[in-house]
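A.B. asks: One structure, as structure tokens, below. Some questions next.
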Amino acid sequence: MRRCTQREPVFRHSAQPSISAGGSRNATSPRWVQAAATPAVYESVAILGEMHVHPPNRYLLRAKDLIDARYREPLDVAALAQAAHLSPAHFSREFRRAFGETPHQYLLTRRLERASALLRTTDRTISDICFTVGLRSVGSFTTSFRRSFGSSPAAYRASFPPAYTHARVPTCVLQAYARPRGSSFREDSPEPAG
């Protein structure tokens, strides 16, 4: 990554304190820290000394990505806060401020979304789906599912066609049948002799 110097335009006037977004004078943080929310500044102010400058939400996005990728695992606020490099209390406050829901609510939403997809597309039992998505209690799963989707998991499944009607067709077969008749890309024509 590139180092920034005092000669660059971003730093030319940054040594003086400036007025922060809240309207009060903040003498402890230079202007480049206060203006760091814009992507252009982040591209030009990549490293100051050895300290990396990141948008405030980047750490939170790291934890959100962890939830999205590992929702099946038992994740708690302490593990998510560690991924975000924040204290658990500060992480919970910042996550709620940035995304509008607590980390636990977001994790539960991801699990219930995945459970609804499994209910629509598989014949697995409700308890198996509950444990597959990382929940530990079928009763709590049913209550949370009803609160989010307006019906029990069994009623939700019954409102969709049975899973056996969703036959898995290989992509190559789908592409072959979806290809227009006149467009074969010379794959189906016999090779010229000679």
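The values are calculated or read from the model by the stated rules, or taken from the named source; none is laboratory data. Everything numeric here is computed off the predicted structure, so don't read it as measured data. Quick reminder, even Gly has a Cβ in these numbers, built from the backbone with ideal geometry, and neighbours come from all protein chains shown.
A.B. asks: Considering each of Ser137, Ser152, Ser144 in turn, give the residue that is of a type in the set (S, T, N, Q) and either under 21 Å from Leu60 (Cβ atoms) or surrounded by 16 or more Cβ atoms within 10 Å (Cβ to Cβ) (or both). Spell out how you get there, then give the answer.
C.D. replies: Numbers: Ser137 fails: either under 21 Å from Leu60 (Cβ atoms) or surrounded by 16 or more Cβ atoms within 10 Å (Cβ to Cβ) (or both); Ser152 fails: either under 21 Å from Leu60 (Cβ atoms) or surrounded by 16 or more Cβ atoms within 10 Å (Cβ to Cβ) (or both).
The match here is Ser144.
A.B. asks: Count, please, the residues in the stretch 150-168 that happen to be over 21 Å from Arg72 (Cβ atoms) and touching a residue at least 12 places away in the same chain (Cβ under 8 Å).
C.D. replies: So the answer is 5.
A.B. asks: Scan the stretch 74-87 residue by residue and report those that are surrounded by fewer than 17 Cβ atoms within 10 Å (Cβ to Cβ) and farther than 24 Å from Ser148 by Cβ.
C.D. replies: If the condition is that a residue be surrounded by fewer than 17 Cβ atoms within 10 Å (Cβ to Cβ) and farther than 24 Å from Ser148 by Cβ, then Ala78, Gln82, His85, Ser87 are the ones that fit.
A.B. asks: Give me the pairs, please: first residue somewhere in the stretch 81-103 and of a type in the set (Phe, Trp, Tyr) and at pLDDT 90 or above, second residue anywhere and surrounded by fewer than 16 Cβ atoms within 10 Å (Cβ to Cβ) and assigned to a helix (DSSP H, G or I), beta-carbon distance under 9 Å, and either six or more positions apart or on two chains.
C.D. replies: Final answer for the pair search is Phe91/Ala78; Phe91/Gln82.
A.B. asks: Filter the stretch 104-149 down to the residues that are of a type outside the set (D, E, K, R) and without any contact (Cβ under 8 Å) to a residue 12 or more places away in the chain and list them by number.
C.D. replies: Within the stretch 104-149, the subset of a type outside the set (D, E, K, R) is 104-109, 112, 115-119, 121-122, 125-127, 129-135, 137-145, 148-149.
Answer for the stretch 104-149, where residues must be of a type outside the set (D, E, K, R) and without any contact (Cβ under 8 Å) to a residue 12 or more places away in the chain: Gln105, Ala117, Thr125, Ser127, Phe131, Ser137, Gly139, Ser140, Thr143.
A.B. asks: Can you tell me which residue in the stretch 88-126 is nearest to the chain's Cα centre (by Cα), limited to those that are closer than 30 Å to Ala163 by Cα, surrounded by fewer than 19 Cβ atoms within 10 Å (Cβ to Cβ) and among the polar types (S, T, N, Q)?
C.D. replies: Across the stretch 88-126, the extreme among qualifying residues is Thr109.
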